[in-house]
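Here the structure comes first, spelled out in structure tokens, and everything after it is commentary.
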Ligand code: PMP
Ligand code: GLN
């Protein structure tokens, strides 16, 4: 392995899922749902295979899907994208992220991340030969907020891109309009590109609304937004995502994407297009279900004696191990599957400053009720 990738040799999600499988543990580590998406969407994929939609789709993705993505963005947020030039279908949001960084950031330039950050950001920055700088989220009440002043202080003349993720993995924070507006002002002031990872855009709870960064003043022209069918329609294994942005930026993303995978997932693309057009109600009911599961797991973790942070969105809730006399989240997560048959993920793997975050552990609640209830029963044995 080359030196720039050596720190990323294996992801924590793979490690914890392996451990869960080995010990027959309930996997609340890696975030994936355990029920399928809308039946008519699944049927559309089956039919596409039967009808021979099995060869390379166009390089930017199938026109129907690009149109459906653009129409959804317009209907939902009033944001207009040209499906021919400003929408790129990718192999999951993961590829959109890597391709955006590879296609838009020069080696040696800096990419600013907030920590905790989703693991692929740091690896993609390394792949591009760029440098990452990280700024921690600040604590606020029982949750976290963006620290825009600290981000401002971390911008240098070499900073090219800022990566933002709201709703936020792993903390479940949903940034409010005010802090996103302050962030947008910083991006404009310092002429930064912004990569806005909005894969959890539909998973916001308690009546909150998702604010797409590209909707704020001055942002449409500098923002590449990524999202994905994975979290929208419970198909993490289909790997259909997309990048949206002004033509000049999407050209850069496409230039990288075409040599990473060229194209992906032909028969899944019409199915996701179908779902975006016809399954909006399904998204709403899934969000309501997840909100209930969020409360179920958060309350249970709290009853088990952990200190639980507020989760306002995503699949995830994080908890503080300190009340258990534990401060080492990595050791805790490595022993948990064998000890009680539950897997979780340490938050310290999402950061550069591991000691400050090592007492926190992330649990996923995107599981069937009976699975969550059994996990909760096992977790109560921790006391
Ligand atoms: N960004 C975030 C914040 C994620 O949690 C994930 C994982 N689902 C991804 C991107 C990757 O999405 P995909 O599975 O579509 O590649
Ligand atoms: N995004 C999911 C998570 O945070 C899974 C990602 C992965 O396995 N790479 O758990």
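The values are calculated or read from the model by the stated rules, or taken from the named source; none is laboratory data. Here the structure is a predicted model, which is why all the values come from computation and not from measurement. Counting neighbours? That spans all protein chains shown, and the Cβs are built from the backbone with ideal geometry, glycine included.
Looking only at helices (runs of 4 or more DSSP H) that fall completely inside region 1-89, which ones have 3 or more residues that are touching a strand residue (DSSP E or B) at 6+ places or on another chain (Cβ under 8 Å) and away from ligand 2 (no atom under 16 Å from the Cβ)?
In region 1-89, 63-77 are the helices (runs of 4 or more DSSP H) which contain 3 or more residues that are touching a strand residue (DSSP E or B) at 6+ places or on another chain (Cβ under 8 Å) and away from ligand 2 (no atom under 16 Å from the Cβ).
Which ones in region 149-180 are more than 23 Å from residue 104 (Cα to Cα) and without any contact (Cβ under 8 Å) to a residue 40 or more places away in the chain?
Matches in region 149-180: 149, 150, 175, 176, 177, 178, 179.
Looking only at region 224-246, count how many residues are within 12 Å of ligand 2 (Cβ to nearest atom) and part of a loop (DSSP other than H, G, I, E, B).
The qualifying residues number 3.
For a quick check of your reading of the model, give me the residue pairs whose first member lies in region 94-107 and is in contact (Cβ under 8 Å) with a residue 40 or more places away in the chain, whose second is part of a loop (DSSP other than H, G, I, E, B), with beta-carbon atoms closer than 6 Å and at least 6 apart or on different chains.
Filtered contacts from region 94-107: 101/128; 102/128; 105/128; 105/130.
Quick one: how many residues across region 316-331 are within 16 Å of ligand 1 (Cβ to nearest atom) and touching a helix residue (DSSP H, G or I) at 6+ places or on another chain (Cβ under 7 Å)?
Of the residues in that region, 2 qualify.
In region 176-215, what count of residues is obtained for those that are within 16 Å of ligand 1 (Cβ to nearest atom), in a strand (DSSP E or B) and surrounded by 22 or more Cβ atoms within 10 Å (Cβ to Cβ)?
Adding up the residues that qualify gives 4.
Which of the following residues is under 18 Å from residue 22 (Cα atoms), assigned to a helix (DSSP H, G or I) and either in contact with a strand residue (DSSP E or B) (Cβ under 9 Å, 6 or more places away or on another chain) or at pLDDT below 95 (or both): 331, 300?
The unique qualifying residue is 331.
Restricting the first residue to region 347-376 and requiring it to be more than 14 Å from residue 117 (Cβ to Cβ) and at pLDDT below 95, which pairs with a second residue that is in a helix (DSSP H, G or I) and within 16 Å of ligand 1 (Cβ to nearest atom) meet a Cβ separation below 6 Å and a spacing of at least six or different chains?
As it stands, the answer is none, since no pair meets every condition given.
Looking at residue 334, is it over 22 Å from residue 366 (Cβ atoms), touching a residue at least 60 places away in the same chain (Cβ under 8 Å) and more than 16 Å from ligand 1 (Cβ to nearest atom)?
Judged against the criteria, residue 334 is a match.
Of the residues that sit in region 361-370 and are over 23 Å from residue 326 (Cβ atoms) and surrounded by 17 or more Cβ atoms within 10 Å (Cβ to Cβ), which one is nearest to ligand 2 (Cβ to nearest atom)?
It comes out as 366.
Taking residue 145, is it within 18 Å of residue 313 (Cα to Cα) and surrounded by fewer than 19 Cβ atoms within 10 Å (Cβ to Cβ)?
So residue 145 fits the description; yes.
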